[in-house]
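What follows is a single structure, written as structure tokens, with notes after it.
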Amino acid sequence: MAWSLLIKNGTVVDGSGAPAVPADIALEGDRIAEVGSKLAGEALRTIDASGLMVAPGFIDIHSHSDFFYLTCPAAESKVRQGVTTEVVGMCSFSPAPVHPERRALVEEKAAALGSRLRVEWTGFGEYLERLGASGLSINVVHFVGHGALRLATVGPDDRPPSAAELQAMERLLSEALDAGAFGFSTGLVYAPSVYARTDELIALTRSMATRGGLYFSHIRGEAATLEEAIAEAIRIGEEGGVPVQIAH
């Protein structure tokens, strides 16, 4: 049999928790066709992995690379570390949605992370289409940032949203989920997410509870208020009816 690629003589760690084993890996196109000892057959390309470990691509479950993808779609800094999937849109920040009159404000926040992002979209779906057309080299699990939702509705102000603004945030969150977002994130030590009261966050989680969305939180405190911050995150998940991930 002729394989597209044959990786021979490596030590395979398959990610299941099973012990590493010597094995060959054969690929057809971009899919693993067979894993076994001393696979027979020819290959268009053969890699001798003697003395090396062979593993599935790593998943970076907390990254801010979304602000750099469009200027560096090759993502070499991650690919060269073996990372093939990233979870982004963390800590309330995401490049979309964007109010048309606040694009410069979003670009300023991205610049604070060292990004040269140029915002040329408004909706989350429009942004994902742009990302998909960029030639991005890795897989992306994208959350929508609560800070982005707030900037697109309330703006940068330190105040509760009006009833109409909260409905607008819920609508933008729903649109993001429809477009492919896995949920929404908060960064409750960063403006404008820090301005949100707990009831605002519960309302947003409730609005996505039936859709399978996840709530990720950079919680409101990490020192003297750590226990209260964790309790708030748990409450948001319980009353909102969604799974919660606390990162830091």
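The values are calculated or read from the model by the stated rules, or taken from the named source; none is laboratory data. Since the model is a prediction, treat every value here as computed from it, not as a measurement. Here Cβ is always computed from backbone atoms with ideal geometry, including for glycine, and neighbour counts include all displayed protein chains. The accessibility values were calculated without ligands, DNA or RNA, using every heavy atom of the protein model including side chains. Shrake-Rupley method; radii C 1.70, N 1.55, O 1.52, S 1.80 Å.
Points to keep in mind about this one:
- Enumeration of residues in region 168-222 that are closer than 25 Å to Gly132 by Cβ and part of a loop (DSSP other than H, G, I, E, B): Gly180, Ala181, Phe182, Gly212, Gly213
- Looking across region 135-159, the residues that are surrounded by fewer than 14 Cβ atoms within 10 Å (Cβ to Cβ) and out of contact with any helix residue (DSSP H, G or I) (no Cβ under 6 Å at 6 or more places or on another chain) come down to Gly135, Asn139, Pro156, Asp157, Arg159.
- Considered as a group, the residues in region 211-239 that are touching a residue at least 12 places away in the same chain (Cβ under 8 Å) and under 15 Å from Ser174 (Cα atoms) include one that is most open to solvent (accessible area, probe 1.4 Å), and that residue is Arg211.
- Test for Thr46: is it of a type in the set (S, T, N, Q), open to solvent by 60 Å² or more (accessible area, probe 1.4 Å), in a loop (DSSP other than H, G, I, E, B) and in contact (Cβ under 8 Å) with a residue 24 or more places away in the chain: no
- Any pair with Cβ under 6 angstrom, 6 or more apart, that starts in region 5-20 at a residue that is in contact (Cβ under 8 Å) with a residue 12 or more places away in the chain and more than 13 Å from Gly36 (Cα to Cα) and ends at one that is open to solvent by 50 Å² or more (accessible area, probe 1.4 Å) and not polar (S, T, N, Q): Leu5/Arg45; Gly15/Pro56
- The set of residues in region 175-214 being hydroxyl-bearing (Ser, Thr, Tyr) and either at positive phi or out of contact with any Gly (no Cβ under 6 Å at 6 or more places or on another chain) (or both) consists of Thr186, Tyr190, Tyr195, Thr198, Ser207, Thr210.
- Condition check for Ser63 on (1) over 30 Å from Phe124 (Cα atoms); (2) without any contact (Cβ under 8 Å) to a residue 40 or more places away in the chain; (3) assigned to a loop (DSSP other than H, G, I, E, B); (4) under 31 Å from the mean Cα position of the chain (by Cα): one failure, at (1).
- Taking the numbered list (1) closer than 30 Å to Pro22 by Cβ; (2) under 17 Å from the mean Cα position of the chain (by Cα); (3) surrounded by fewer than 18 Cβ atoms within 10 Å (Cβ to Cβ) in turn, Lys78 passes all entries but (3).
- Of the residues making up region 24-82, just one is among the aliphatic types (A, V, I, L, M) and on the phi > 0 side of the Ramachandran plot, namely Ala75.
- For region 90-99, the criterion of being under 29 Å from Ile246 (Cβ atoms), outside any loop (DSSP other than H, G, I, E, B), touching a residue at least 40 places away in the same chain (Cβ under 8 Å) and open to solvent by less than 60 Å² (accessible area, probe 1.4 Å) is met by no residue.
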